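The values are calculated or read from the model by the stated rules, or taken from the named source; none is laboratory data. Bear in mind that the values here come from a model prediction, so they are computed numbers and not experimental data. Quick reminder, even Gly has a Cβ in these numbers, built from the backbone with ideal geometry, and neighbours come from all protein chains shown.
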Amino acid sequence: MPTRALVAVLARILVCCWALAAGSAGAQEPVPTPFVADVLWAPNPASGSDGRRHLVYELRIGNVTASGLRLNKVEVLDEPSGKLLLSLDGDGLANRFSIGGRRGSESADLGVGQFGVLFLHVALEPGDLPRAIAHRLSLRLVQPGVDFSATVARTPVVDRPLVVLGPPLLGAGYIAGDGCCDSIRHVRALLALNGHFTLSQRFAIDWEQADSENRLVKGDTKTLSNYTIFGREVLAVADGTVVFSRNDLPEQVPGALPQGMTVDEADGNSVVLDIGGGNYVLYAHMQPGSVTVRSGANVKRGDVLGKVGNTGNSQAPHLHLHVMDGPSPLASNGVPYVFDSFKLTAIDKAGTADFDKAEATGAPLTLTPISPPQVLSRVLPLDLTVVEFAR
Ligand SMILES: [Zn+2]
């Protein structure tokens, strides 16, 4: 039978079965599904500065039919209790579902043969810590006009101790840019490398610093030294061994991302530190000539590694920092981490647009002070929190 005809017959048979099974598919019996779905990496909960645990992970959904599929609802359920942990529909769902895993292609509609990646964030209620989760997908087959739902993509929740770090910088006014868990630039930095997906930047933070007037930059925004954080010393967050360092790339002119940047220069002058337990820390974008450690060097927590700069794929001086499960800054999986202690002093509740504006124009950040400041230990500063680090 010609391939095309075979596919058409299979599609008719499957549509028949979905129609029979439409409504709900149980967990036990084999039921044909018009899609396949899997969690790319089992989530490892991050303990956030808001006192909650956060599951940040990715669900891949592929359309295996000859019809379009429209995703109507995705619910995250505790296993085995079935307790509802998160429900997404409408724009809240479509805005997180990237067709082909590509940022900028968000939609709830999966064409024939397409897959998408749903970027999920579950902020758990205090006291909740599921051992496993599953996903109830509700969708519509556009052609026969059949609604279908099934509970699929079960995954354990990883219960690995969180990596505990010392301060990467010292002083006040550091703001956690593009941080956990609903910002986009790091959390959705899914890459196809060596034939599979990687997401090393899932818990990355771009650290910048506000001055006493809440400015990231004062005066000419093209002048590196006008940025509050420029030249700050970058510290080893733990005892470890340097497995990569680079020190020779030039500063970029702030204000726009450089053109024609190669993958191996994107991190600029950078250090990868092996801190043991299978965990590695990336520090990126430091000043040329400032990186004082070389591959093979053993460092102690608090040692100076370099100075904050604007090298590589960077449009303003900042320190990009993340923890990953391998030495490759791109071809590793990003893991959550916490700082052993810091003072939470403010939050920019006006969001990433406010941060971007402050960086681009020198306008003050719109900060909501935390009064009195809170000393927090063993948590991850969440997106756009402002912290003070001390030794
Ligand atoms: Zn970054």
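Out of Asp348, Asp303, Asp354, report the one residue that is over 22 Å from Asp182 (Cβ atoms), modelled with pLDDT of 95 or more, of a type in the set (Asp, Glu) and more than 16 Å from the ligand (Cβ to nearest atom).
Numbers: Asp348 fails: over 22 Å from Asp182 (Cβ atoms); Asp354 fails: over 22 Å from Asp182 (Cβ atoms).
Answer to the check: Asp303.
Does Val272 meet the test of being part of a strand (DSSP E or B), within 16 Å of the ligand (Cβ to nearest atom) and touching a His at 6+ places or on another chain (Cβ under 9 Å)?
So Val272 does not fit the description; no.
Considering only residues that are assigned to a loop (DSSP other than H, G, I, E, B), away from the ligand (no atom under 16 Å from the Cβ) and touching a strand residue (DSSP E or B) at 6+ places or on another chain (Cβ under 9 Å), which ones fall in region 204-229?
The first filter runs over region 204-229 and keeps only residues assigned to a loop (DSSP other than H, G, I, E, B), leaving 204, 210-216, 218-223, 228-229.
Add one more test, that the residue is away from the ligand (no atom under 16 Å from the Cβ), and what stays is 210-215, 218-223, 228.
Selection gives Ala210, Asp211, Ser212, Asn214, Lys218, Thr221, Thr223, Thr228.
For region 43-71, how many residues meet the condition of being within 20 Å of Arg103 (Cα to Cα) and surrounded by fewer than 21 Cβ atoms within 10 Å (Cβ to Cβ)?
Qualifying residue count, region 43-71: 3.
Quick one: is Val375 farther than 23 Å from Pro317 by Cβ, under 19 Å from the mean Cα position of the chain (by Cα) and in the same structural domain as Gln201 (by TED's automatic domain parsing)?
When the stated conditions are applied, Val375 does not pass them.
What is the number of the single condition among (1) surrounded by fewer than 21 Cβ atoms within 10 Å (Cβ to Cβ); (2) in contact (Cβ under 8 Å) with a residue 12 or more places away in the chain that Leu365 does not meet?
(1)
Looking only at region 310-329, filter to residues that are of a type in the set (A, V, I, L, M, F, W, C) and within 12 Å of the ligand (Cβ to nearest atom); which one of those is nearest to Val187 (Cα to Cα)?
Looking at the filtered set, the residue picked out is Leu321.
Can you tell me which residue within region 246-265, out of those that are free of Cβ contacts under 8 Å to residues at least 60 places away in the same chain and farther than 19 Å from Lys222 by Cβ, is surrounded by the most Cβ atoms within 10 Å (Cβ to Cβ)?
Result: Arg246.
When you go through (1) of a type in the set (A, V, I, L, M); (2) in a loop (DSSP other than H, G, I, E, B); (3) within 14 Å of the ligand (Cβ to nearest atom) one by one for Leu169, which number turns out not to apply?
Going through (1) of a type in the set (A, V, I, L, M); (2) in a loop (DSSP other than H, G, I, E, B); (3) within 14 Å of the ligand (Cβ to nearest atom) one by one, Leu169 breaks only (3).
Has region 39-57 got any residue that is aliphatic (A, V, I, L, M), in contact with a His (Cβ under 9 Å, 6 or more places away or on another chain), closer than 17 Å to Ser149 by Cβ and at pLDDT 95 or above?
No, region 39-57 contains no residue that is aliphatic (A, V, I, L, M), in contact with a His (Cβ under 9 Å, 6 or more places away or on another chain), closer than 17 Å to Ser149 by Cβ and at pLDDT 95 or above.
So that you can scan it fast, the table gives a plain yes or no per residue for (1) more than 16 Å from the ligand (Cβ to nearest atom); (2) aliphatic (A, V, I, L, M); (3) farther than 30 Å from Tyr283 by Cβ; (4) not assigned by TED's automatic domain parsing to the domain that holds Ser314:
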residue	(1), (2), (3), (4)
Ser87	yes, no, yes, yes
Gly92	yes, no, yes, yes
Ala134	yes, yes, yes, yes
Arg185	no, no, no, no
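Six or more apart or on different chains, Cβ under 7 Å: which pairs go from a residue in region 308-331 that's in the same structural domain as Ser200 (by TED's automatic domain parsing) and part of a strand (DSSP E or B) to one that's acidic (Asp, Glu) and modelled with pLDDT of 95 or more? Could you list them?
Thr311/Glu251; His320/Asp206
From the list Ala176, Ala189, which residue is part of a strand (DSSP E or B) and on the phi < 0 side of the Ramachandran plot? Spell out how you get there, then give the answer.
Details: Ala189 fails: part of a strand (DSSP E or B).
Only one candidate passes the filter, namely Ala176.
Can you tell me which residues in region 187-203 are more than 12 Å from the ligand (Cβ to nearest atom), within 16 Å of Leu282 (Cβ to Cβ), among the aliphatic types (A, V, I, L, M) and touching a strand residue (DSSP E or B) at 6+ places or on another chain (Cβ under 7 Å)?
Correct list: Leu191, Leu199.
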